[in-house]
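> Take a look at the following structure, please.
The values are calculated or read from the model by the stated rules, or taken from the named source; none is laboratory data. Just so it is clear, the structure is predicted and the values come from calculations on it, not from any experiment. Heads up, the Cβs are rebuilt from the backbone with ideal geometry, glycines too, and the neighbour counts pull from every protein chain shown. Each accessible area value is taken on the protein alone, full model and side chains, heavy atoms only, with ligands, DNA and RNA left out. Shrake-Rupley method; radii C 1.70, N 1.55, O 1.52, S 1.80 Å.
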Amino acid sequence: MRKKIVAANWKMNMTQSEATRFISTFLLEVGESRDVEIVLVPPFTAIATVNAALENAQHVKVGAQNMHWERSGAFTGEISPAMLRDLFVRYVVLGHSERRILFGETDEIVNRKVRAAHEATLRPILCVGESLEQRERGEVEQVLSTQLRGSLAGLGAKELQETVIAYEPVWAIGTGKTATAEQAQEAHAFVRRVLGEISDEATAEKIRIQYGGSVKPDNARTLMSQPDIDGALVGGASLDPRSFAQIVQGAGEK
Ligand code: PGA
């Protein structure tokens, strides 16, 4: 049984004081349940503050939105895996479509980051997903297969099991257009099939696959009740502590 994982991708939002306020409301709203793994993914500048605010809520984990693959050196403006470990970060979002499209990240770059994350015992949340043009041209499976094989190259079964995949159709991110539960399930089942080919079926069954793209309290439960949807990566709706708490609760309902 795969434990659901719901992550809040705050993107370039949230000052330290906003993050502290978010957490005090969120913890009250979300309640005590431990059925769902919760991850907050703040900008780098708020990570230490988020850790401090979560001092009595160790079940909520912290992630980062990106990192460089090298351990240290002359890479002005970059953050290393070791620096994230030093901040008690457990997860790192890699290959988000905004990084791929706006900052030119290729599958090869994403693969270096994914491997560096595992070396540093950080768990990657690897994002994959097709654009609207690619969907309309019937290329969904080809795009997903290329991104998965390129970004996960060189990983063993144990590392794959400790990787979370986020299927995020680019046309659904921040647009209010969610994939239907059927469209999402179809893509997730395909992702799991490719994971089985990359490794083996038993390993693929253990890998958690999140859906991302306009997840809101009113569609979260239906999406996450699909057999291959094991959680959500939430952008816009994760900036509101009540909405995000409702989405977490939706993941816990059968
Ligand atoms: P959204 O973003 O929920 O605002 O669509 C999701 C994401 O980019 O991870």
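> Residues with amide H under 5 Å of E105's amide H, sequence separation 5 or more or different chain, H placed in the peptide plane at 1.01 Å from N; which?
R100
> Sort the stretch 38-168 into rounded, prolate or oblate with this rule: let a ≥ b ≥ c be the square roots of the eigenvalues of the Cα gyration tensor; rounded if a/c is under 1.5, and if a/c is not under 1.5, prolate when a/b is larger than b/c, oblate otherwise. If you can, show how the numbers build up before the last one.
Details: a/c = 1.78, a/b = 1.62, b/c = 1.10.
Verdict is prolate for the stretch 38-168.
> Here's another thing I want to ask about it. Quick one: which residues, 5+ away or cross-chain, put their amide H under 5 Å from the amide H of G129? H built at 1.01 Å from N.
Amide H to amide H, under 5 Å and 5 or more residues apart or across chains, G129 pairs with E168.
> What full-extension length gain, to one decimal in nm, is calculated for R71 and S131 as 0.36 nm per residue of separation minus the Cα-Cα distance?
18.3 nm
> Could you check what % of the DSSP bridge pairs in the chain are antiparallel, to the nearest 5?
0 percent
> Could you work out Rg/(2.2 N^0.38 Å) for the chain, with Rg from alpha carbons only?
That ratio works out to 0.94.
> Hey, can you find the accessible area per residue of the chain for me, probe 1.4 Å, expressed in square angstrom?
Spelled out: the 1.4 Å probe surface of the chain, per residue, equals 46 Å².
> Pop out the ³J(HN,Hα) list for the stretch 98-109 in order, Karplus 6.51 cos²θ - 1.76 cosθ + 1.60 with θ = phi - 60°, rounded to Hz; leave Gly and Pro as x.
5, 6, 5, 7, 7, 10, x, 6, 9, 4, 5, 5
> Using r as the Cβ-Cβ distance of E139 and S24, and R0 as 51 Å, what FRET efficiency do you calculate, to the nearest 0.05? Could the numbers behind the result be given before it?
Values: r = 45 Å, r/R0 = 0.88.
My answer for the efficiency is 0.70.
> At 7 Å along Cα-to-Cβ for each site, give me the label-to-label distance between R90 and R193 in nm.
Modelled inter-label distance: 3.3 nm.
> Of I165, L195, P124, which is farthest on the positive side of the dipole of the stretch 5-252, counting Cα position, with +1 on Lys and Arg Cβ, -1 on Asp and Glu Cβ, and the Cα centre as origin?
Projecting each Cα onto the dipole axis, the largest value belongs to P124.
> Could you give each residue of the stretch 213-228 its phi-based ³J(HN,Hα) in whole Hz, using Karplus coefficients 6.51, -1.76, 1.60 with θ = phi - 60°, and x for Gly or Pro?
Taking θ as phi minus 60°, the curve returns x, 6, 6, 9, x, 7, 10, 4, 5, 4, 4, 7, 8, 6, x, 9 Hz for the stretch 213-228.
> Taking 7 Å along the Cα-to-C-beta vector as the label spot, tell me the E108-H59 distance in nanometres, rounded to one decimal.
With each label point 7 Å from Cα toward Cβ, the separation is 4.5 nm.
> Output ³J(HN,Hα) for the stretch 135-144: one whole-Hz value per residue in order, computed from phi by the Karplus curve 6.51 cos²θ - 1.76 cosθ + 1.60 with θ = phi - 60°, and x for Gly and Pro.
Per residue, the Karplus-derived 3J(HN,Hα) values read 5, 5, 7, x, 9, 3, 5, 5, 5, 5 Hz.
> Once neighbouring chains are kept in place and the probe is 1.4 Å, which whole percent of the accessible area of the chain is contributed by carbon and sulfur? Kindly include the intermediate steps, with their values, before the conclusion.
Values: 5880 of 11770 Å².
About 50 percent, which is the carbon plus sulfur part of the accessible surface.
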